[in-house]
Amino acid sequence: MTDILMPALSPTMEEGKLAKWLVKEGDTVKPGDVIAEIETDKATMEVEAVDEGVISKLMVEAGTEGVKVNAIIAQLSAEGEAPKPKANGKAKAAKVDAPPQAVAETPAVEAKAKNDGHRLRAPEQKVAAAEGLHDPTLPEGVTYKKTAVRDALRDAIAEEMRRDERVFLMGEEVGQYQGAYKVSRGLLEEFGDRRVIDTPITEYGFAGLGVGAAFGGLRPIVEFMTFNFAMQAIDHIINSAAKTLYMSGGQMGCPIVFRGPNGAASRVGAQHSQDYSAWYGHVPGLKVLAPYDAADAKGLLKAAIRDPNPVVFLEHELMYGVEFDVPEVEDFVLPIGKARIRREGTDVTLVAHSRMVKFALDAAEELAGIGIEAEVIDLRSLRPLDTETVIESVKKTNRIVCCEEGWRFFGVGAEIAAAVVEHAFDYLDAPPLRVAQKDVPLPYAANLERLSLPNAQDIVEAAKKVCYRETE
Amino acid sequence: MAGKTGGAKVRKPVSEPQKADLIGFYRDMLLIRRFEEKAGQLYGMGLIAGFCHLYIGQEAVVVGVQSILEPDDQVITGYRDHGHMLAAGMTSRGVMAELTGREGGYARGKGGSMHMFSREKNFFGGHGIVGAQVPLGTGLAFSNRYKGTDAVCIAYFGDGASNQGQVYEAFNMASLWKLPVVYVIENNQYAMGTSIARASAETELFKRGISFEIPGEEVDGMDVLAVRKAAAKAVQRARDGDGPYILEMKTYRYRGHSMSDPAKYRTREEVQDVREHRDPIEMLKKKLLDAKHVTEDDLKKIEAEVREIVNDSAQFAQDSPEPDPAELWTDVLVESR
Ligand SMILES: Cc1ncc(C[n+]2csc(CCOP(=O)(O)OP(=O)(O)O)c2C)c(N)n1
Ligand SMILES: [Mg+2]
């Protein structure tokens with residue numbers, strides 16, 4: 001099943017009118033067939049099919065105004081592409097009413113503008129376009145369920161596997177063992193070993209195999225026992241998954257999720273304790289997510305699985321057991337590329353992602369005690385990076401501390417600090433500061449490990465510094 | 001590629017083990033077992049943290065192989081490495097203190113259980129990434145050939161590791177260049193919770209070198225004498241410049257993969273059966289007694305001596321201070337002055 005999305009006519013277009021359908025349900029289309037016409041106030045555009053297949057459902061009526069860019073407008077089932085559900089009937093038919101995701105995805109259609117169709121300029125990249133991305137509004141009176149991060153991830157995988165037959169999970173010990181960190185608990189039982197696949201210890205091999213399967217029309221979720229072991233496979237993540245869409249001139253996307261715990265666990269030494277946020281954040285052609293709480297873990301993992309691009313999904317082992325409220329709604333999908341303001345404040349902006357958000361929140365609490373109101377931004381998505389939210393915050397607070405668990409050099413904090421200096425220089429009352437891991441491989445000894453990893457106290461000190469308050 | 005040249009020492013041929021050797025093997029295996037049991041206890045007390053992979057059950061492999069090595073031969077292995085270090089002659093104190101992350105440890109607390117090294121004993125780690133030691137060990141062998149010594153490198157790895165691609169890249173080069181490396185596959189039947197049959201299309205791992213022209217054989221890895229015999233042949237072959245060899249040691253790990261292990265992937269009976277019928281230490285003990293090489297009293301003395309060493313190392317590992325905070329910043333790069 002391929003989703004056909006509402007295409008954008010220009011980088012700034014957010015919505016348009018679906019003027020006319022030129023096909024009906026049941027029609028067979030070939031790549032290049034014009035299937036619909038779309039209008040904005042500026043132009044009309046023909047929508048062409050990129051894939052071969054049968055139009056299985058038109059999701060938006062002709063004449064509808066205000067269709068959001070990247071909303072699903074139709075579905076194409078490619079014969080031979082989607083595997084037929086097995087006779088046991090376990091796999092339910094894909095649910096079709098996915099909420100529109102206003103996400104900067106590659107539309108599954110080629111847009112040919114009739115009037116001002118020139119797109120020679122690179123899309124404006126001054127400030128990442130987080131505009132228009134919003135978390136879905138939750139229904140009034142929504143209830144919440146306390147859920148551990150690991151179970152939220154599991155729920156996301158299970159829901160997406162029920163929804164889409166093409167989704168499968170593959171990795172070391174994901175099946176019979178129920179996951180090295182128990183994220184895949186129960187999945188083998190529900191989906192069977194055709195879709196929950198234990199691999200040998202061969203990361204380079206199965207990452208490549210996953211990418212190939214994605215080329216072949218499937219939607220793999222590749223689990224790395226930890227991201228440290230993905231270093232064996234990083235060639236496929238970058239050279240094969242991230243670059244192929246571009247190298248193929250848009251023909252060959254790679255819808256795949258690489259996920260697993262990232263960063264330092266506890267006392268497992270240098271080879272098992274590394275934060276890869278900056279590594280993957282560096283690479284065009286990837287999306288990189290690093291949620292903090294269970295709701296974001298669930299909503300973003302579902303978005304990642306649906307995304308037509310390769311997504312690196314960075315979890316944190318020390319967060320797996322932590323419980324958070326997760327809204328009990330039918331299909332909780334979050335937009336990729338939107339930061340979350342976790343605490344509002346006026347005096348200093350603290351930017352963090354993944355487990356560091358906890359430290360930033362703790363620091364904010366302590367800072368409040370000495371009269372400093374910190375605004376805490378949880379990045380959630382590192383690529384695309386929601387610089388807009390960060391910059392808006394800095395315009396208000398005039399100070400920023402960038403927090404990350406990984407090394408400072410060429411890091412996430414460096415990127416954010418540079419963006420802030422570039423776009424909000426005149427608003428800054430102090431140089432941006434970074435809190436990061438010490439610039440050494442992570443030591444095993446308890447005292448050295450403590451000294452090496454960043455914590456809430458480091459953030460408090462940095463925040464005091466940018467506020468020109470007495471520090472210890 | 002340089003062949004054997006003047007640098008080579010005259011090696012004494014590996015002899016049939018004598019009574020004293022046999023008692024030595026028994027003692028060494030017992031030391032490893034008691035050491036590991038103690039490490040397990042210290043872990044339970046919170047003195048050791050992170051991952052801690054015990055070698056209990058596999059003692060005959062490393063003791064048998066190490067018994068025929070010369071001091072300039074090199075050894076490299078994965079993270080299940082405590083036994084290898086003790087067999088390579090590293091001190092129990094230094095190993096245990098590394099497990100507790102203290103100054104007295106082999107890496108001054110910076111490496112931990114999975115990453116320990118001793119230049120002095122030609123022990124090159126202690127590697128946390130499954131399979132990494134195989135090309136690394138092949139590179140050590142390359143350095144021997146390059147320098148014209150006749151030292152041999154032993155690269156130990158697991159059945160699970162034997163599915164990593166880099167293993168085969170290394171095999172090819174080792175055979176192509178006739179490098180003096182012996183690959184010891186410690187087939188303990190499981191990689192974490194995955195039995196070999198669930199992960200390997202060819203489960204007879206000694207055959208894994210066939211397409212690289214590397215001969216191999218299966219060895220009863222619970223029988224220290226069988227191990228020693230097979231290793232002697234393979235090491236001699238490598239020393240003579242005839243290239244790599246694969247020894248698949250059929251062995252078994254009694255404990256969980258690391259300290260936390262769901263233990264659902266095998267039955268308790270399976271473990272118990274090996275313990276009762278194939279235990280490497282019990283089997284050698286019986287041989288020693290049957291041949292009247294030792295009396296029960298002698299064995300008690302050995303047990304007491306081993307316990308003394310282990311208790312001393314545990315005490316040392318607790319008394320040794322944490323590393324100086326300044327150590328955080330040392331050893332990142334070699335500082336040239
Ligand atoms: C590249 C890599 N992938 C995964 C892991 C996690 N891991 C550690 S040990 C292990 C099992 C290895 O089994 P085996 O090679 O049979 O050795 P054994 O533990 O039985 O001694 C796994 C999957 C790792 N350390 N490195
Ligand atoms: Mg094994």
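The values are calculated or read from the model by the stated rules, or taken from the named source; none is laboratory data. Predicted model, so just to flag it, every value in this text is computed and none were measured. Note that we place each Cβ from the backbone using ideal geometry, even for glycine, and neighbour counts take in every protein chain shown. With ligands, DNA and RNA removed, areas are computed over all heavy atoms of the protein, side chains included. Shrake-Rupley method; radii C 1.70, N 1.55, O 1.52, S 1.80 Å.
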Interface B:A - total buried accessible surface [probe 1.4 Å, Å², rounded to 100]: 2900
Could you provide, to the nearest whole Å², the per residue accessible area of the range B:36-166 with probe 1.4 Å? 26
For the range A:313-354, one quarter of the surface area of the C-alpha convex hull, expressed in nm², comes to 4.6
Computed over chain B, the ratio Rg/Rh where both radii use C-alpha atoms and Rh is Kirkwood: 0.96
For chain A, go through all pairs of different Cα atoms, get the mean of 1/r, take its inverse, and jot down that Kirkwood value in Å. 23.2
What is chain A's relative contact order, in percent, from Cα pairs under 8 angstrom and six or more apart in sequence? 12
Which order do the peptides B:309-320, A:367-378 come out in when sorted by mean C-beta neighbours inside 10 angstrom, highest first? A:367-378, B:309-320
Scaled by the rule-of-thumb 2.2 N^0.38 Å, the alpha carbon Rg for the range B:291-337 gives a ratio of 2.18
Mean Cβ-within-10 Å packing, highest first, puts peptides A:300-310, A:229-239, B:41-51 in the order A:300-310, A:229-239, B:41-51
Per residue of A:191-202, how many C-beta atoms from partner chains lie within 10 Å of its own C-beta, taken as a mean? 4
Taking only C-alpha pairs under 8 Å that are 6+ residues apart, what is the relative contact order of chain B in percent? 23
Within the accessible area of the range B:21-315 (1.4 Å probe), percent carbon and sulfur: 51
Would you please give the residues with an amide H less than 5 Å from that of A:I377, counting only those at least 5 places away or on a separate chain, with H modeled from the backbone geometry? A:R342, A:L350, A:V351, A:A352
Net charge of Cβ neighbours under 13 Å - reference A:Y276; Lys, Arg +1; Asp, Glu -1: -2
Which helices of chain B meet both criteria: a Cα extent of 18 Å or more along the helical axis and a mean Kyte-Doolittle score no lower than 1.6, with helices taken as whole DSSP H segments? none
Provide Rg and Dmax in Å for the protein assembly as shown, with only Cα atoms included in the calculation. 29.9, 100
Looking at the square roots a ≥ b ≥ c of the eigenvalues of the Cα gyration tensor of the range A:144-327, which shape do they give, rounded for a/c under 1.5, prolate if a/b is larger than b/c, or oblate? rounded
Could you compute how fast the range A:340-466 diffuses translationally, taking Rh as the Kirkwood radius over C-alpha pairs and applying Stokes-Einstein at 25 °C with viscosity 0.890 mPa s? Give it in µm² per second. 172
Is there a quick way to get the dipole size of the range B:101-226? I mean about its Cα centre, with the Cβ of Lys and Arg at +1 and of Asp and Glu at -1; what is the value in debye to the nearest 20? 680
Using the alpha carbons of the range A:382-453, what is the convex hull volume per residue in cubic angstrom, as a whole number? 94
When a/c reaches 1.5 or more, the comparison of a/b and b/c decides; with that in mind, is the range A:156-254 rounded, prolate or oblate per its Cα gyration tensor? oblate
Normalised contact order of the range A:194-255, rounded percent, pairs of Cα under 8 Å and 6 or more residues apart: 37
Per-residue mean of C-beta atoms belonging to partner chains within 10 Å, peptide B:134-141: 0
Residue by residue through A:271-277, how many Cβ atoms from other chains fall within 10 Å of the Cβ on average? 3
Relative to the compact globular guide of 2.2 N^0.38 Å, what is the alpha carbon radius of gyration of the range B:148-260, as a ratio? 1.06
